[in-house]
Amino acid sequence: MIPFEIDLKNKVVVITGAGGIICNAFAKAIAKTGAKIALLDINEEAIMQLENEILKEKGIAKAYKCNVLSSESLRNIHDKIKNDLGACDVLINGAGGNNSKATTDDEYYDRNNLNEIKTFYDLDEEGIRFVFDLNFMGTLLPTQIFSKDMIGKKGCSIINISSMNAYTPLTKIPAYSAAKAGISNFTQWLAVYFKNENIRCNAIAPGFFVTKQNEKMLFNQMGEPTERTKKILNNTPMNRFGNIDELIGTLFYLLCEDASSFVTGIVIPVDGGFSAYSGV
Ligand code: NAD
């Protein structure tokens, strides 16, 4: 289901993290606009399957195994995409996520309760760097490579994925929160930097959607909601998780030059009211 139709025929849309839950849905929706889509992910199986699904529905898509943290990998893929589909018009930086190595067990430090608990002090340096890099560098490097195609062209844009924790950090995940705050900031920076080239750069900040990267924090092994889930839903005025389809309207609005030609440097929350609610 797409909420409305837009025409992106002949546009080349590059999506990183296309093997993930959110960008899989983005790719399938964009395929219906007639665009040619490059599906990038480190998980080759996921993007091969997605490519097949899109081709079956008469869309145009091609999978490219790629690591968004390697400029070399991105450069190689960039050349292939230009050959296969053409120069990039739209880049969606979707690769990202948290990792348990950069997640504390405790929400608040309690010096009287430190047994078998991973506190801020136990966070692994490598884990923190991994999460920071994946979310920040994993957006910056693809932008460096693919935005070059957009110079001197019309109707190009970049869409990043921020998060609720960019507005106020969520407990337990300091690296992910800081990196996503960096993404909101970088989105504004890019919008200003590319003003003369008319490359619009915006971001979507999804509220809470159940995906691979967060399901272990939201449901226990029995599939029951965790305490964190209860907190999230209590702080979401709409009192539910989002459905991935509910991101598509905002995505299309930002993609469609006719609808958002004067919109750049913004971060749009799609969150059931989470970012509007103080908790009181
Ligand atoms: P996901 O884990 O389903 O998808 C992320 C994808 O990125 C995976 O397919 C993974 O293989 C890919 N990836 C990881 N490392 C990579 C690398 N080095 N190179 C290339 N690809 C790599 O997660 P998702 O929920 O679909 O997340 C998509 C984006 O949305 C992420 O940036 C995430 O931080 C953000 N986000 C998600 C939520 C949510 O509730 N799920 C909320 C806010 C923001």
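The values are calculated or read from the model by the stated rules, or taken from the named source; none is laboratory data. Note that this is a predicted model, so its numbers are computed, not measured. Every residue, glycine among them, receives a Cβ derived from its backbone with ideal geometry; neighbour counts consider all protein chains shown. Calculation scope for accessible area: heavy atoms of the full protein, side chains included, ligands and nucleic acids excluded. Shrake-Rupley method; radii C 1.70, N 1.55, O 1.52, S 1.80 Å.
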Residues being open to solvent by less than 10 Å² (accessible area, probe 1.4 Å) and part of a loop (DSSP other than H, G, I, E, B): count how many of those fall in region 23-37. 2
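Open to solvent by less than 20 Å² (accessible area, probe 1.4 Å), more than 16 Å from the ligand (Cβ to nearest atom) and outside any helix (DSSP H, G or I), is that true of Leu40?
In short, no.
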Among the residues of region 154-169, write down those that are out of contact with any Lys or Arg (no Cβ under 8 Å at 6 or more places or on another chain), more than 10 Å from the ligand (Cβ to nearest atom) and among the aliphatic types (A, V, I, L, M). Ile159
Looking at region 189-204 only, could you name the residues that are outside any loop (DSSP other than H, G, I, E, B) and open to solvent by less than 50 Å² (accessible area, probe 1.4 Å)? Leu190, Ala191, Arg200, Cys201, Asn202, Ala203, Ile204
Looking at (1) in a helix (DSSP H, G or I); (2) surrounded by 16 or more Cβ atoms within 10 Å (Cβ to Cβ); (3) in the same structural domain as Ala102 (by TED's automatic domain parsing), which one does Met217 not meet, given that it meets all the others? (3)
So which pairs qualify, if the first residue must be in region 76-96 and outside the structural domain of Ile158 (by TED's automatic domain parsing), the second must be within 14 Å of the ligand (Cβ to nearest atom) and part of a helix (DSSP H, G or I), the Cβ gap must be under 8 Å, and the two must be at least 6 apart or on different chains? none
Glu53 - would you say it is of a type in the set (D, E, K, R), away from the ligand (no atom under 11 Å from the Cβ) and not assigned by TED's automatic domain parsing to the domain that holds Pro142? no
Total residues in region 101-129, condition within 16 Å of the ligand (Cβ to nearest atom) and open to solvent by 80 Å² or more (accessible area, probe 1.4 Å): 3
Condition met for Gly223 (more than 12 Å from the ligand (Cβ to nearest atom), under 20 Å from the mean Cα position of the chain (by Cα), outside the structural domain of Asn135 (by TED's automatic domain parsing) and not hydrophobic (A, V, I, L, M, F, W, C)): no
Matching entry among Leu255, Leu251 (being within 15 Å of the ligand (Cβ to nearest atom), in the same structural domain as Ser100 (by TED's automatic domain parsing) and either surrounded by fewer than 13 Cβ atoms within 10 Å (Cβ to Cβ) or in contact (Cβ under 8 Å) with a residue 40 or more places away in the chain (or both)): Leu251
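Residue-by-condition table, conditions (1) crowded, with 19+ Cβ neighbours inside 10 Å; (2) in contact with a Gly (Cβ under 8 Å, 6 or more places away or on another chain); (3) part of a helix (DSSP H, G or I); (4) modelled with pLDDT of 95 or more:
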position	(1), (2), (3), (4)
Gln49	no, no, yes, yes
Ile54	yes, no, yes, yes
Val68	yes, yes, no, yes
Lys82	no, no, yes, yes
Gly86	no, no, no, yes
Ala95	yes, yes, no, yes
Asn98	yes, no, no, no
Would you mind finding the one in Gly207, Gly223 that is in contact with a Phe, Trp or Tyr (Cβ under 6 Å, 6 or more places away or on another chain) and open to solvent by less than 90 Å² (accessible area, probe 1.4 Å)? Gly207
